[in-house]
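Input: a single structure, listed below in structure tokens.
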Amino acid sequence: MSHYDGFYSQLTAMGLPDWATELKPLVESRLASDAHGKMPVWQAALAALPELDVDDIDLSSGVRIGDVTSISQVERDTAADQLQHFHPWRKGPYQLLGIELDTEWRSDWKWDRVLPHIQPLDGRTVLDVGGGNGYHGWRMLGAGAKLVIGIDPTRVFAMQYLVMQRYIQSQQHYVLPIGIEELPENLQCFDTVFSMGVLYHRRSPLDHLYELRACLRSGGELVLETLVIEGGLGEVLMPEARYAKMRNVWFIPSVETMCLWLQRCGFKAVKCVDQTVTSLEEQRATEWMHFESLADFLDSDDRTKTIEGHPSPLRAIFVAKAP
């Protein structure tokens, strides 16, 4: 029995049986043993984690699953070794069975910036676009969401989600290994849609905004977080080559430009509710993500610039309503 079987039933109950039918073979193929070169390793590591029922779960103040008393020290060391097979751990942090997964991003800091400015999630159906391993989805569930669907095509992130799901056993949060372009057109069924850290990776940012709008019910809320630059209306940075060593950064607008894009795509009540410079404490290499990170992406002599000479990462959060 697939972990996602309960999800397909929920889609049918939501009046989306065709999507459920299309989604099942797609998800199965994406997570099959031959779907990725590392999939057999990930599947073996997942199966090797201790089997136990965990009652002590906190999703509201963080993502904490069990504690140091849940398993023995030997079992904990063995589990930590298995968890390293899922490297890189980018979004978190997680506390799992007394193991501190200190991820590259302090995603809890972003969540603390977002939460005060959005509509309460109690009872809402939520879509988390580009949600990675589901960290923010778990926090959305902890904030009262009825159902959270995360989508991210990166296979290892789906496997990291299944690690946590092994113990949380939630029927209200699912991470699907698909991209937004693989969603049915005009779903118009979500109360809240999150797109955090995605827009600047899209070749057509306006098309992405229309895709997000098509997922929302009328009056639903968009929560969008993206890189921005300082500047006025109409100003946009399009890097000639890379931005902070990333190849796939296309457009970084000013706050005023981003607001205009949202308005031109039909969104109402558009507001920028936060701007924060990404610090070396919020994004950094750790024992759970030992590739290069922000310190390697910035000019070592001038931390206000990327290694290419662009302005260093400034992130903004926008909220808006679907018409």
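Brief remarks on what is shown
- Projected onto its three principal axes, the C-alpha set of the stretch 15-76 covers 44, 33, 18 Å, listed from the longest axis down.
- Under 5 Å from the amide H of Glu235 lie the amide H atoms of Ser254, Thr257, each residue being 5 or more positions distant or on a separate chain, with H modelled from the backbone and absent for Pro and chain starts.
- Pairwise Cα distances in the chain exceed 38 Å in 13 percent of cases.
- Label-point gap, in nm, between Ser218 and Glu28 - each point 7 angstrom along Cα→Cβ: 3.9
- Loop-located chymotrypsin sites (Phe, Trp or Tyr not before Pro) in the stretch 278-307 (DSSP state not H, G, I, E or B) with no more than 11 neighbouring Cβ atoms inside 10 Å: Phe291.
- For the stretch 132-145, backbone phi angles converted through the Karplus equation (6.51, -1.76, 1.60; θ = phi - 60°) give residue-by-residue couplings of x, 7, x, 4, 5, x, 5, 5, 4, 5, x, 8, x, 4 Hz, Gly and Pro being listed as x.
- Angstrom value of the Kirkwood radius, inverse mean 1/r, which spans all Cα pairs in the stretch 1-112: 16.5
- Between Leu280 and Asp53, the C-beta separation translates, for a Förster distance of 30 Å, into a calculated FRET efficiency of about 0.15.
- Chain lengthening between Ser204 and Ala295 when straightened (0.36 nm per residue, less Cα-Cα): 29.9 nm
- In a DSSP loop and with at most 11 other Cβ atoms within 10 Å, there are no chymotrypsin sites (Phe, Trp or Tyr not before Pro) in the stretch 232-265.
- Ellipsoid equivalent to the stretch 43-91 - semi-axes via the Cα gyration tensor, in Å: 19, 16, 10
- Sparsely packed GluC sites (Glu not before Pro) within the stretch 263-323, loop by DSSP, other Cβ within 10 Å at most 13: Glu281, Glu287, Glu292
- Three-way shape call for the stretch 128-169 based on the alpha-carbon gyration tensor, with the a/c threshold at 1.5: oblate
- Counting only protein heavy atoms and a probe of 1.4 Å, the accessible surface of the chain is 49% carbon and sulfur.
- Distance-filtered residues of the stretch 87-118 - backbone nitrogen under 12 Å, label point 7 angstrom along Val68 Cα→Cβ: 98-100
- Under a 5 Å amide H cut-off, with hydrogens placed 1.01 Å from N, Thr306 pairs with Asp299, Ser312 among residues at least 5 apart or on other chains.
- With the charge dipole of the chain set up from +1 on Lys and Arg Cβ and -1 on Asp and Glu Cβ about the Cα centre, the Cα lying farthest toward the positive end among the listed residues Pro239, Cys189, His201 is that of Cys189.
- Taking the DSSP beta bridges with both ends in the chain, the antiparallel portion is around 55 percent.
- Cut-off 13 Å, label 7 Å out along Cα→Cβ of Glu240, residues of the stretch 287-321 by amide N: 308-310
- Residue-wise HN-Hα couplings along the stretch 270-280, as the Karplus relation 6.51 cos²θ - 1.76 cosθ + 1.60 with θ = phi - 60° gives them from phi, are 6, 9, 9, 10, 6, 9, 9, 6, 5, 9, 5 Hz; Gly and Pro carry x.
- Expected 222 nm ellipticity per residue - DSSP helices of 4 or more, -39500 (n - 2.57), all of the chain, to 500: -9000 deg cm²/dmol
- Proximity of backbone amide H atoms, modeled 1.01 Å from N, is registered between Asp128 and Ile149, Gly150, Ile151, Phe194 at under 5 Å, excluding neighbours fewer than 5 places apart on the same chain.
- In terms of overall dimensions, the stretch 82-126 has a Cα radius of gyration and Dmax of 13.8, 38 angstrom.
The values are calculated or read from the model by the stated rules, or taken from the named source; none is laboratory data. Nothing here was measured: the structure is a model prediction, and the numbers come from that model. Here the Cβ is made from the backbone with ideal geometry for all residues, glycine too, and neighbour counts use every protein chain on show. Each accessible area value is taken on the protein alone, full model and side chains, heavy atoms only, with ligands, DNA and RNA left out. Shrake-Rupley method; radii C 1.70, N 1.55, O 1.52, S 1.80 Å.
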